[in-house]
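Student: Dropping the structure in here first, questions after.
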Amino acid sequence: MYFGQNAFNLVMANIQPLVLLGIAIIGLVLLVQHKAAGVVMLIVAAIFAVGLVFNPNGAKDAMLSVFNTVIGGGTITGIVPHFLIL
């Protein structure tokens, strides 16, 4: 078992209702203050937060795919890693 796996499991088991509660409270505060731009930004942030919290394996795969495309392929630096040379 990996280091910290029990702590990760404990946090992931309890984080879902806390994220939903936090999104709801922040949304209510922004609605009371009549800040439409804040509500729009909250919706965007909430989509990402819910995706990360409720589907951590899918989020990990998506982030690794983006990382491997950008960094692993050498597209930013123009340097191709030695294992990609045919």
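Readers should treat all values here as calculations from the given coordinates under stated rules, not as data from a laboratory. Nothing here was measured: the structure is a model prediction, and the numbers come from that model. All Cβ positions, even for glycine, are placed from backbone atoms using ideal geometry, and neighbour counts span all protein chains on display.
Student: Could you list the residues of region 48-65 with an amide nitrogen less than 17 Å from a label point located 7 Å from the Cα of Gln16 in the Cα-to-C-beta direction?
Tutor: Those under the cut-off are 48-60.
Student: Apply the Karplus parameterisation 6.51 cos²θ - 1.76 cosθ + 1.60, with θ equal to phi minus 60°, to every residue of region 49-61 and state each ³J(HN,Hα) to the nearest whole Hz, in sequence, with x for glycine and proline.
Tutor: For region 49-61, the Karplus-derived couplings read 5, 5, x, 6, 7, 8, 9, x, 5, x, 5, 4, 5 Hz, x marking Gly and Pro.
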